[in-house]
1. Working from Cα positions, state the angle (0 to 90°, nearest 10) between the long axis of helix A:18-31 and the longest principal axis of chain A.
2. Label-point separation (nm) for residue A:191 and residue A:101, each offset 7 Å from Cα along Cα-to-Cβ?
3. Taking 7 Å along the Cα-to-C-beta vector as the label spot, tell me the residue B:111-residue B:24 distance in nanometres, rounded to one decimal.
4. Kindly put B:67, A:224 in sequence by how many other C-beta atoms sit within 10 Å of each C-beta, fewest to most.
5. Set the Förster radius R0 to 35 Å, insert the Cβ-Cβ distance between residue A:87 and residue B:180 as r into 1/(1 + (r/R0)^6), and round the FRET efficiency to 0.05.
6. Using a basic spin-label model with each label point 7 Å from the Cα along Cα→Cβ, how many nm lie between residue A:133 and residue B:46?
7. If each residue of separation counts as 0.36 nm, what is the full-extension length gain between residue B:239 and residue B:208 once their alpha-carbon separation is subtracted?
8. Looking at the axis that maps chain A onto chain B, which chain A residue has the closest Cβ, and how far off is it in Å, rounded to a whole number?
DNA sequence: GAGTGGTCTAGACCACCCG
DNA sequence: GGGTGGTCTAGACCACTCG
């Protein structure tokens, strides 16, 4: 709990910005339930002197927590704890195996095909390449609890292959490998549709033809706005759903 | 174009923060193509003196544009124009009719049913109410270019009905009406699935039974984190897709 | 080392909400 | 009017990148 009139001694971790330390300290207090939903937290002036920082620095910490949905501000009134904390990870780009592991699911990936092909119209457009330019195409089957869930296709510009280690390819998402090599991944644009399974998809995913499939395509962008990967995947409708957050 | 060594005379609009004016001025320059993708923009120090503001204020404007994906920063290097500007509206909560109008589509809404009912388990859970508590349930059909696209169900806690004008209900989204009444809408949590149409849905949406449906449910939250509306909708798979942005 | 963005200060004044 | 958050300053020093 925050004790008034006392300057908090922050651990003073070297190399970690003050606003990060304060943000995490506040986040911990909120998650520990030291504030109840709807409760007002002390004014910025008071929190600033409490932590021994300027108000601007404190505000930076608060603003981060607001972006995460933990608290909200009302001009002229105060700063308050949110009533429900929605899991903001829903609108985060995450790797399949990482995400499954975090959810406590037993998951694995089987590589079905790995080849260099000329980009067709759809792939070329997504990756901002000319049609016919060579791309790496990887087809995998994603399996959760021993049941096939997703038939997955990934396309990567051949020009980026120098950055990828051949052995890990397909197990990790290509964009994650690129990130591990120092490339900054910014975001991804996804499009979702409901479709019926064709004969091949049905066979691979152990379902009947025309059974519902959640079709998803995704373009992954680096920080400079260039597409680095295009994915097309077919998800069993009865075993896969997609959750997201839309901001107003 | 930005002329160096000259302090820009901002319109000095009263009531509009400087960082907003600068942000919009910069956005305009970028959208007008006065910077090419990948191009470095002047350093913060220079831009600050150019606009006659402090560097902190300028950074606030820049940071907003980065959040929108127009530009990106590289520590120790500079600030640059992004190569591709993805339409960020995709991860925004928007009203159906507003959105259709913005896309230039002819769209309308038909009200099929409007009644007060006790909340079932699913609705109660979504709206953080006890089962059996009364809620308003509105069923509508959303029609684009004279073709039915979405069978839509909306649930609103009865306690909020005082804020809603009866006549406009159903035409506008309930959350939009609440917003127009001064309530701050923060965000929405959506879940998407692929399903097959049942007999009733198929009849209403003019499709065959078991044809692909994009099922979507959505909880809309106010700024304080409380749910204000729950939606369940069935979208024709061949006429509806959903695009979103995932941040890394 | 020069140039860039990242963090931080110690104030100031304004805008908003409420009793 | 008193209390709150919103904006803004004019500096300072640090961290990173690159030639």
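Every number here is computed from the coordinates shown, using simple stated rules; none is lab data. Just so it is clear, the structure is predicted and the values come from calculations on it, not from any experiment. Here the Cβ positions follow ideal geometry from the backbone for every residue, glycine too, while neighbour counts run over all protein chains shown.
1. 90
2. 3.3
3. Taking the simple label geometry, residue B:111 and residue B:24 are separated by 3.7 nm.
4. B:67, A:224
5. Efficiency for this residue pair is about 0.75.
6. Going from the residue A:133 label point to the residue B:46 one covers 3.0 nm.
7. Gain on extension, residue B:239 to residue B:208, equals 9.8 nm.
8. Whole-Å result, nearest residue of chain A to the axis: A:194, 2.
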